[in-house]
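The values are calculated or read from the model by the stated rules, or taken from the named source; none is laboratory data. If you're wondering where the values come from, they're calculated on a predicted model, not measured in any experiment. In this analysis, Cβ positions are derived from the backbone assuming ideal geometry, glycine residues included, and neighbour counts consider all displayed protein chains. Ligands, DNA and RNA are excluded from the accessible area calculation, which covers all protein heavy atoms including side chains. Shrake-Rupley method; radii C 1.70, N 1.55, O 1.52, S 1.80 Å.
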Amino acid sequence: MRTVLNILNFVLGGFATTLGWLLATMISALLIITLPLTRSCWEITKLSLIPWGNEAIHIDELEPQNKNSLLNAGGTLLNIVWFVLFGWWLCIMHITAGIAQCLTIIGIPVGVANFKIAAIALWPVGRRVVSVETARAAREANAHRRFQ
């Protein structure tokens, strides 16, 4: 089922959003000040291309033992730079694609996935794209650690 939904996503506009992310990745790699954004940009490019079966999870949830408040502050600053340069137009692109996909009955699940990626497009720094199973296992391990 994931494969069918990923193909449907690609056909119904996922290629355009992925091209937008690839453009943002190339621009962030070329500009010196935005070079630290390139990894986050590439991570979300993968999610835009194959949203079903993958999930964006914050690195603090994935590896809580490596939490660092200085890196989190730097990530917040990078997210602000990201929002100004790339985030707003990528978010609008995903919202537009999501609305267009939701106009067809068959495209509604894919449109909902684009709305989720639109929220991630605003603040992607510090997120990693992992399988849904890995994200679920990380969240369960964190909940188990917190409540013991």
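For this structure, a couple of remarks:
- Built amide H within the under 5 Å cut-off of Asn54, gap 5+: Val132
- Of the trypsin sites (Lys or Arg not before Pro) found in segment 44-148, those in coil by DSSP whose Cβ has at most 15 other Cβ atoms within 10 Å are Lys67.
- Percent accessible area from carbon and sulfur atoms, the chain, protein chains only, probe 1.4 Å: 73 percent
- Cβ charges +1 (Lys, Arg) and -1 (Asp, Glu), total dipole of the chain, debye: 140 debye
- The phi torsions of segment 86-93, fed into the Karplus equation with coefficients 6.51, -1.76 and 1.60 and a -60° offset, translate into couplings of 10, x, 5, 6, 5, 4, 4, 5 Hz, rounded to whole numbers, with Gly and Pro shown as x.
- Whole-Hz couplings from phi, Karplus 6.51/-1.76/1.60, listed for segment 39-54; x for Gly and Pro: 5, 4, 5, 5, 4, 6, 4, 4, 5, 5, 6, 10, x, 8, x, 10
- Stokes-Einstein diffusion for the chain, with the hydrodynamic radius set to the Kirkwood value over Cα pairs and evaluated at 4 °C in a medium of 1.567 mPa s, equals 82 µm²/s.
- Among Ile95, Leu31, Pro51 the positive-end extreme of the charge dipole of the chain (Cβ point charges): Pro51
- Take Ser40: with every protein chain present and a 1.4 Å probe, its accessible area is about 10 Å².
- Within segment 66-141, all pairs of alpha-carbon atoms sorted by distance into 10 Å bins from zero give the percentages 19, 33, 34, 12, 1.
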